[in-house]
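Note sheet for the following structure.
The values are calculated or read from the model by the stated rules, or taken from the named source; none is laboratory data. Here the structure is a predicted model, which means the values were calculated and not measured. Positions of Cβ are backbone-derived with ideal geometry, glycine not excepted, and every protein chain shown enters the neighbour counts. All accessible areas refer to the heavy atoms of the entire protein, side chains included, with ligands and DNA or RNA removed. Shrake-Rupley method; radii C 1.70, N 1.55, O 1.52, S 1.80 Å.
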Amino acid sequence: MLAAIATLLASGIVAWLLAESAAGVLYVAHRVAGIALVLALVWKYAIARRSLRRRGVFGSGVWIGLATAGLTITAAGLGLAWTAGLVSFDRPFAYSALNLHVIAGLSLGVLVVAHVLARGESRPALITLAGRRTALRGIALLAASFVVTAALDRVALARRGSGSRHAGSFSGNAFPVTIWSLDAVTSIAIDSWRLRVSASLDARPVELSYADLAALPRREASVVLDCTGGWWSEQVWSGVSLMDVLARGGMSEAATRVEVISVTGHRWTFDRSEVERALLATHVGGEPLSVGHGYPVRLVAPSLRGFLWIKWVREVVAA
């Protein structure tokens, strides 16, 4: 179980940060580890029941164990319900069930560490863990997890490898609004808004108005936005190339990193290769971006997950 939880945490978090083409193996590993965790709960239940009878509810570490069990069931249950299509990003709650799954999973990781520390005195000897019987059980559990995962993938409702479900494509601004990091929807006065471009240590920063951006060559691309909230939508985005904007600021050929910063403080640093296809979008589906979707300018970063598509951009910095 500890290995399954560690795999779930690592694969879930790292997959967020990678391009879709590089994260495919992690998506599969996450599903297999989730099924392995569910199957292992059958063995763990018998062990936990005996321990609870022997030590009572007030025994050392029992409440941590019970809380860990509750979060395990919550995280695993939401994951299975998502795969089976019983819950989604817009039902049965207004808040995405996948986000609740993530919150439960991260909280579970913290409690597992606390539980291990509390029960460390009773851990089995390493020779026991490395025994032939334990190895055979582990192999059988892993094999069963692959079989069950393959079966669920065949019957699961249509979704991307990331688990996200379709939320309406080519609909202009009529796709879900998800705000990362609990940022408030920001209303910006366009007359005073400026995009600050710091593209070189040798040149002074350049400030571009909305009209200045409109004067640059227009770019348009059909790109999928895959949100970590569990939905995806393909839209036609239009605006200006981020590289064109950096060129206006005198970006050096030696620059390898670009940081994009929102008026809210949300920021991310990208490799140069990741921004070469990126847009600073002002329109979606021929419509100006709505405030919720990042007006006046948001980043469109093909192949990267939605939380990296910075909204309400106010500054780009190359280094």
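Data for the structure
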item	result
Residue match in region 281-302 (condition: under 22 Å from the mean Cα position of the chain (by Cα) and without any contact (Cβ under 8 Å) to a residue 12 or more places away in the chain)	no
Cβ pairs under 6 Å, 6+ apart, first in region 203-232 and at negative phi, second of a type outside the set (D, E, K, R) and loosely packed, with under 13 Cβ neighbours inside 10 Å	Tyr210/Ile190
Members of region 173-187 that are open to solvent by less than 40 Å² (accessible area, probe 1.4 Å), farther than 15 Å from Pro296 by Cα and modelled with pLDDT of 90 or more	Phe175, Pro176
Region 292-303, subset modelled with pLDDT of 95 or more and open to solvent by 10 Å² or more (accessible area, probe 1.4 Å), residue nearest to Ser164 (Cα to Cα)	Pro302
Filter pass, Trp43 being among the aromatic types (Phe, Trp, Tyr), more than 20 Å from Ala118 (Cα to Cα) and open to solvent by less than 70 Å² (accessible area, probe 1.4 Å)	no
From the options Glu274, Glu287, residue that is open to solvent by 10 Å² or more (accessible area, probe 1.4 Å), farther than 20 Å from Thr228 by Cα and among the acidic types (Asp, Glu)	Glu287
Members of region 136-167 that are open to solvent by 30 Å² or more (accessible area, probe 1.4 Å), within 20 Å of the chain's Cα centre (by Cα) and modelled with pLDDT of 85 or more	Arg160, Gly161, His166
